[in-house]
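What follows is a single structure, written as structure tokens, with notes after it.
The values are calculated or read from the model by the stated rules, or taken from the named source; none is laboratory data. All values derive from a computational prediction rather than experimental measurement. Ligands, DNA and RNA are excluded from the accessible area calculation, which covers all protein heavy atoms including side chains. Shrake-Rupley method; radii C 1.70, N 1.55, O 1.52, S 1.80 Å.
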Amino acid sequence: MAFTGNGSGGGGGANDRSESLLSSSQPNDDYYSKNRIDSTSRHSTSLGTNQGSEMIDPADDGAYKLDDDGQRGTPTSDDGSEVDVYFVKQRRGYCSILFSLVQTIILVVMMWQCGVAPLNINPMVGPYPDALNYWGAKNSVLIIDDGEWWRLLTPILLHAGVIHLLCNVGVQLETGAFFEREWGSAKWLIVYLTSAIGSSCLSTIFMPGNISVGSS
């Protein structure tokens with residue numbers, strides 16, 4: 001899936017297009033008005049093409065069309081055509097990938113250890129509910145009465161079954177990884193864990209009778 005910038009580049013003239021992104025103190029045109037970097041930027045760049053997203057280094061002169069003065073202007077794809085550009089902080093969503101891998105391993109081990117429940121008990125194709133509780137699902141009684149506060153966080157590593165896991169991991173590796181690349185892993189991890197604890201707290205308050213798992 002290609003992630004593109006805001007505009008298609010129709011607002012400026014030929015001279016505006018050839019103006020260097022690095023040396024200009026004013027936006028070139030609508031195409032670049034919100035997608036500029038300076039010469040010291042270490043951020044990666046994602047080029048949205050018809051074939052998908054391509055990552056380039058802003059220091060790579062070969063990724064830019066040069067203007068008449070030899071300065072870098074419009075970013076280009078391999079075939080020389082102009083493309084929309086989207087700047088991100090890193091090339092991969094490392095935490096998104098790591099969490100997805102850990103969640104998958106845990107579900108496999110859980111199903112191997114505890115068995116797969118019939119569909120009339122668990123329609124998500126997964127273990128029995130008591131196995132989820134044993135592995136750390138949100139359980140209001142155990143959290144409040146027994147002080148097992150770690151259950152506010154561990155539910156994000158658990159899933160009710162294969163269907164539940166595939167849905168969550170799919171979103172996590174698509175949307176979650178996109179925002180991690182944009183924000184950086186540290187900020188993404190803070191948002192991810194804070195959301196997990198907050199949702200578990202709300203679930204404990206408003207749905208105290210339910211056993212809950214999942215990272216969504």
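Pull out a ≥ b ≥ c, the square roots of the eigenvalues of the alpha-carbon gyration tensor of the stretch 118-190, then state rounded if a/c is under 1.5, prolate if not and a/b is larger than b/c, and oblate in the remaining case.
Oblate is the answer for the stretch 118-190, as a/c is 1.5 or above yet b/c matches or exceeds a/b.
Skipping prolines and chain starts, which residues have an amide H placed within reach, meaning under 5 Å, of the one on residue 87, given they are 5 or more residues away or on another chain?
It is 46, by chain and number.
I need the phi-derived Karplus couplings for the stretch 162-178: 6.51 cos²θ - 1.76 cosθ + 1.60, θ = phi - 60°, integer Hz, Gly and Pro marked x.
Once θ is set to phi - 60°, the couplings for the stretch 162-178 become 4, 4, 4, 4, 4, 5, 5, 5, x, 5, 5, 7, 9, 6, x, 5, 4 Hz.
Need one value: the accessible area of residue 149 in square angstrom, 1.4 angstrom probe, rounded to the nearest 10.
Approximately 150 Å² for this residue.
Translational D (Stokes-Einstein, µm²/s) of the stretch 83-166 at 37 °C and 0.692 mPa s when Rh comes from the Kirkwood sum over C-alpha pairs?
226
Read phi for every residue in the stretch 196-204 and hand back ³J(HN,Hα) as whole Hz from Karplus 6.51 cos²θ - 1.76 cosθ + 1.60, θ = phi - 60°, with x for Gly and Pro.
5, 5, x, 5, 5, 5, 5, 5, 5
Spelling out what I want: for every residue of the stretch 207-216, take phi, set θ = phi - 60°, compute 6.51 cos²θ - 1.76 cosθ + 1.60 (Karplus), and round to whole Hz; glycine and proline get x.
9, x, x, 9, 8, 10, 9, x, 9, 7
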